[in-house]
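The values are calculated or read from the model by the stated rules, or taken from the named source; none is laboratory data. These numbers come from a predicted model, not from an experiment. Glycine gets a Cβ as well: all are built from the backbone with ideal geometry, and neighbour counts include every protein chain shown.
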């Protein structure tokens, strides 16, 4: 079987030894040389040839017009012909608009465009819209050589190739001789006078209607075919094209016969060298499949053959044609897309393929199914649509999709959301139209906004209100807008490296303004590590890195989800903390000399130093009632101890861990009740507040000639500009700066634990032993929180005491109060050996606490540490220190260097 | 000694003998100077109504010494071709700083500075060339900025042509030997630059060699506007560029398959100047690769016979260029495919 699409013309005698390809492109290349098969140029996006397309364009329905183009490409068009020559149309505007739209449709834009117009201004307008290499249709000698060459020059300047019509000052060529003469002349002018590459010339030797009843027309098809052969044999490298549908114009309304004529005509034209043809790509027949009587009659007409029965070929054809009217025979079937069976999967298919043709039907179907089981329309967005967008994100990351396709998917998403919004609105109790408000900007000093614009588009498609501040936006404006607009999220973008610093600056300004909304960071040079280390530390709100536009929706959805918000923030915070710790431990952190670090110490405002304590000196509380501690318990670490990741109370509702969490929590509550009533644990504390001062990097507590010296470490790595090198001693006054105080404490809620543990052990109840130990840890932490509260409110007295019910335990657990209680071993004071001296100073043995040789406290659930009360006092990580600080520390601690090195090993590079 | 008389011939002759070296990043080097707002403004723009820190192109007017020093550092490192500091010096990109009016002057001065430096170090054995850099601008002619209107554009072809024409005139006036249309992420923008160049050459009756360098932005192996490397080549080939290549995004390691593809099909010289790997905001240059790593990767391209001109983009420094110069000096350049066999 010889179907039209695989007839080769390479049996032609070519004058040139090697063929030079005509190189065209859309998003993908199309190279046409002598080995190429016949190239289909889609004709349906032509207002002069397709009434349906003309109606759509005249009605301004470009969305439907785009579908015409898509169908052409899906049906095999390798180039699409676009023509907007219609008297009632602003053709320049229509050409521009249509080409701009299909440029954003990757499955159309992948093929080159043939810009078709009889008006030069329309052609030029079209050439300004295509990034690929286009074909102009057409140039001719109609207005003389000078204009012909002028236009050819401009075509070259736009980087296009061109169709040249066999038309000159005398008119359109209708004989074989006129055709070849004009083509020869045009070829010589273009190649010799203009330097046009011959392979970039595509001749159109005029396809005219045959079987019109006029005798002179009978040879039109044959003359075209002969001219085609002549051109291919005499004009090296030039190609040949034609508007195929013209040939069957006499049989308008009889598609069966028209297709048969096209098929036969092409069959012969291609064998004689026709390179391409403007055709209805969906309706190319198969020469061998045509009914014999029809094919013979058509062939006689096309080749202008005399019949053996001497009947008139046209009359015979007309007679046969009547028999075949409207019996579809040959037309190639439109390529069927493989839409999945299940509606939800069709939605994902639509997103992945940027195809909206069945979107509303599918959405409606799913909506009704969900509605029937009592669900809500929003579930479609949160379910299949978000799942689809996730796949889009994955594919983009893997390089299986490219940007214009991602944008296309986002548009499908937008349409889907638009369809669902009225239903979602109707189902809502309160009326909140947008999912949230996002202020987005490219930071000061940077003008790159392509990525930011894409994020903005994708977010808007998902029903977020986006306030886009544009490029080069100063921190002040971002902060002001975020406040004025009550932004739910702020997004910062930037491409160039200096923008990284500016982002850190914006974060610091947001902190200064008291903002707490999440901050998203994106842009080519940003990274998760950079965000964690350089930006997040400046801002207390959640700061999160977004790797690419396709992920933005997912990140924002989680940041603003009422159920997921806290857990997500905690996950990010934990992840970024880990990154910072890893980074701090990495070799190669730039160290500065200790003297320089000290010169860059933090200098607190001493006017804000808290007043002298109400009560100084050592205090003991031998037995704190456990029930007072219960509300101070922070349960989140409890779950972490059981390997259940997440925050309390969210963890109880977690899809994956909720059930286990519930079980454990209920067991814990059970045991807790017994622990409290039966006093299976005992809580005790020693603590006090003493006069103290800073000396070098030490904190010294003193009382009647006795001193406790706490040698501390200072951050010694290169800090960003304007950031101090912290040491805990910075928060305490030096002797010459006035009086100051520091507290100290040792406490445990693990007393008597062994007694009950032994009881459990006897019944081999290991689970209860573990649970008891976990509770002891929780009670000890709660005791520390409770005691700190007592110290702040009663003993030091710088914080107002509150009565029972008005205590905000959540705020306490989240450490929203003035002052800190660093414990030896914390990243701010990583060295443990001070514990021995501290417990000594506090005489902690009185409540049964001691340390081992390696400075581990007994009982296991114990905490000891210091109270620093200055409002600026904060936790930080010392990180890597240098040898100079190591030596200095050894000297201050009266240690030999080797011992000091052992103690500080984790902080040495 | 200037090379302006017939740079194309001289360059072609040299390219037959060896791989030529293009310089490295300008922005990365400028960052090392830690210039502040006042430095960027200089005397010229002390009272300018907007902040202009970050507008590296303006430095050719306000801190010419810095630019000169960077050019010299690259020439000392072995660069045969240095690029003018004009990546963003179009009226379009400058308008974001309120400095559209300064665009032409920036191009003239930047080309003059580069010309001075190149001439000072040129010898008959090692002539130096100035390539006038034409960046993509920060607008794209093929992508819609408006979600609800895919036909919308924030720049037109004609506006791009006008902006590029002005830049090209300035570069030619300042003494550029050639043009380098670089970091092409939307080929329609590049076509506007090529259109402007062709019109300019026709008007003045003199041609400069034009090089075009695209950017493959993501793992799909396409430009931002969606073209494959060969589609990109088909779009720019009609302008018969002196060289075609790839630069910027991805870095040499990930760029490899695309530079190979281009080297197979392009019937002209091939250039390649990748970033120093992927962005790494935690490193000093902002990018991953040391000079040794980049040099090792591009040496492989040279050994495969894929390239005629090698250099560096974002994150590369004179140390990178020196390492590249050393490592490819004895490797035979790619044989250029003949356009019309």
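Right, residue A:750: crowded, with 23+ Cβ neighbours inside 10 Å and modelled with pLDDT under 95 or not? It would help to see each step written out before you state the result.
Working: crowded, with 23+ Cβ neighbours inside 10 Å: yes; modelled with pLDDT under 95: yes.
Criteria met by residue A:750.
Just one of A:742, A:686 is surrounded by 23 or more Cβ atoms within 10 Å (Cβ to Cβ), at pLDDT 95 or above and within 53 Å of the chain's Cα centre (by Cα); which is it? Walk me through how you get there before you give the answer.
Numbers: A:686 fails: within 53 Å of the chain's Cα centre (by Cα).
When all the criteria are applied, what remains is A:742.
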For residue A:528, the lone unmet condition from (1) farther than 30 Å from residue A:401 by Cα; (2) free of Cβ contacts under 8 Å to residues at least 60 places away in the same chain; (3) surrounded by 15 or more Cβ atoms within 10 Å (Cβ to Cβ) is (1)
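Rundown of residues vs (1) crowded, with 21+ Cβ neighbours inside 10 Å; (2) in a helix (DSSP H, G or I); (3) modelled with pLDDT of 95 or more, yes/no style:
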| site | (1), (2), (3) |
| --- | --- |
| B:142 | yes, no, no |
| B:151 | no, no, no |
| B:160 | yes, yes, yes |
| B:167 | yes, yes, yes |
| B:188 | yes, yes, yes |
| B:212 | yes, no, yes |
| B:216 | yes, no, no |
| B:227 | yes, no, yes |
Long-range neighbours under 6 Å by Cβ, at least six apart or interchain, first residue within 9 Å of chain B (Cβ to nearest Cβ) and free of Cβ contacts under 8 Å to residues at least 12 places away in the same chain within the range A:441-461, second surrounded by fewer than 23 Cβ atoms within 10 Å (Cβ to Cβ) and not in a helix (DSSP H, G or I)
none
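Yes/no per residue for (1) away from chain A (no Cβ under 11 Å); (2) on the phi < 0 side of the Ramachandran plot; (3) surrounded by fewer than 24 Cβ atoms within 10 Å (Cβ to Cβ); (4) out of contact with any strand residue (DSSP E or B) (no Cβ under 6 Å at 6 or more places or on another chain):
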position	(1), (2), (3), (4)
B:198	no, yes, yes, yes
B:261	no, yes, yes, yes
B:270	yes, yes, no, no
B:274	yes, yes, no, yes
Criterion: more than 29 Å from residue B:157 (Cα to Cα), more than 14 Å from chain A (Cβ to nearest Cβ), in contact with a strand residue (DSSP E or B) (Cβ under 7 Å, 6 or more places away or on another chain) and not in a helix (DSSP H, G or I) - qualifying residue of B:79, B:114, B:46
B:79
Do you know which residues across the range A:152-191 are over 30 Å from residue B:191 (Cβ atoms) and surrounded by 20 or more Cβ atoms within 10 Å (Cβ to Cβ)?
A:168, A:173, A:178, A:179, A:180, A:182
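Any chance the range A:501-521 includes a residue that's within 13 Å of chain B (Cβ to nearest Cβ), within 24 Å of residue A:447 (Cα to Cα), at pLDDT below 90 and part of a helix (DSSP H, G or I)?
Keep residues of the range A:501-521 that are within 13 Å of chain B (Cβ to nearest Cβ), which gives A:501-505, A:521.
Retained after the next criterion (residues that are within 24 Å of residue A:447 (Cα to Cα)): A:501-505, A:521.
Still in the list and also at pLDDT below 90: A:501-502.
Next, from what is left, pick out any that are part of a helix (DSSP H, G or I): A:501-502.
Yes; the residues of the range A:501-521 include at least one that is within 13 Å of chain B (Cβ to nearest Cβ), within 24 Å of residue A:447 (Cα to Cα), at pLDDT below 90 and part of a helix (DSSP H, G or I).
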Given (1) out of contact with any strand residue (DSSP E or B) (no Cβ under 9 Å at 6 or more places or on another chain); (2) in contact (Cβ under 8 Å) with a residue 40 or more places away in the chain; (3) closer than 18 Å to residue A:176 by Cβ, residue A:257 misses just (3)
Does residue A:371 satisfy being more than 14 Å from chain B (Cβ to nearest Cβ), at pLDDT 80 or above and on the phi > 0 side of the Ramachandran plot?
no
Quick one: residue A:477 ticks every box in (1) in contact with a strand residue (DSSP E or B) (Cβ under 6 Å, 6 or more places away or on another chain); (2) at pLDDT 80 or above; (3) more than 11 Å from chain B (Cβ to nearest Cβ) except a single one, so which number is it?
(1)
Would you be able to tell me the number of residues in the range A:158-177 that are within 17 Å of residue A:228 (Cβ to Cβ) and at the interface with another protein chain (Cβ under 9 Å from one of its Cβ atoms)?
0
Just to be sure, is residue B:68 away from chain A (no Cβ under 14 Å), under 19 Å from the mean Cα position of the chain (by Cα), over 29 Å from residue B:308 (Cα atoms) and surrounded by fewer than 24 Cβ atoms within 10 Å (Cβ to Cβ)?
no
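Determine whether the range A:438-458 contains at least one residue that is more than 30 Å from residue B:93 (Cα to Cα), at pLDDT 80 or above and within 21 Å of the chain's Cα centre (by Cα). Working first, answer last.
Of the range A:438-458, the ones more than 30 Å from residue B:93 (Cα to Cα) are none.
Looking through the range A:438-458, none of the residues is more than 30 Å from residue B:93 (Cα to Cα), at pLDDT 80 or above and within 21 Å of the chain's Cα centre (by Cα).
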Can you name the condition, by its number, that residue A:801 falls short on among (1) under 23 Å from residue A:731 (Cβ atoms); (2) surrounded by fewer than 14 Cβ atoms within 10 Å (Cβ to Cβ)?
(1)
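Kindly indicate which of A:208, A:251 is more than 25 Å from residue A:31 (Cα to Cα) and touching a strand residue (DSSP E or B) at 6+ places or on another chain (Cβ under 9 Å).
Values: A:251 fails: touching a strand residue (DSSP E or B) at 6+ places or on another chain (Cβ under 9 Å).
Checking each option against the conditions leaves just A:208.
Would you kindly identify the helices (runs of 4 or more DSSP H) lying entirely within the range A:597-678 that contain at least 1 residues that are loosely packed, with under 13 Cβ neighbours inside 10 Å? Don't jump to the end; show me each part of the working.
On the way: elements: A:626-629, A:636-641, A:658-678.
Filter on the range A:597-678 gives A:626-629, A:658-678.
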The conditions are (1) surrounded by fewer than 24 Cβ atoms within 10 Å (Cβ to Cβ); (2) out of contact with any strand residue (DSSP E or B) (no Cβ under 9 Å at 6 or more places or on another chain); (3) within 12 Å of chain A (Cβ to nearest Cβ), and residue B:240 fails exactly one of them. Which is it?
(2)
Quick check on residue B:176: is it touching a residue at least 40 places away in the same chain (Cβ under 8 Å), farther than 25 Å from residue B:234 by Cβ and not in a helix (DSSP H, G or I)?
yes
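Among the listed residues A:396, A:423, identify the single one that is more than 30 Å from residue B:98 (Cα to Cα), within 9 Å of another protein chain (Cβ to nearest Cβ), touching a residue at least 24 places away in the same chain (Cβ under 8 Å) and surrounded by fewer than 24 Cβ atoms within 10 Å (Cβ to Cβ). Talk me through it step by step, then tell me what you get.
On the way: A:423 fails: within 9 Å of another protein chain (Cβ to nearest Cβ).
That would be A:396, the only listed residue that is more than 30 Å from residue B:98 (Cα to Cα), within 9 Å of another protein chain (Cβ to nearest Cβ), touching a residue at least 24 places away in the same chain (Cβ under 8 Å) and surrounded by fewer than 24 Cβ atoms within 10 Å (Cβ to Cβ).
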Inspect the range A:115-126 for any residue being crowded, with 21+ Cβ neighbours inside 10 Å, modelled with pLDDT under 95 and either in a helix (DSSP H, G or I) or within 12 Å of another protein chain (Cβ to nearest Cβ) (or both) and give the result as yes or no.
no
In the set A:155, A:136, which member is within 22 Å of residue B:141 (Cα to Cα), in a helix (DSSP H, G or I), within 14 Å of chain B (Cβ to nearest Cβ) and at pLDDT 95 or above?
A:155
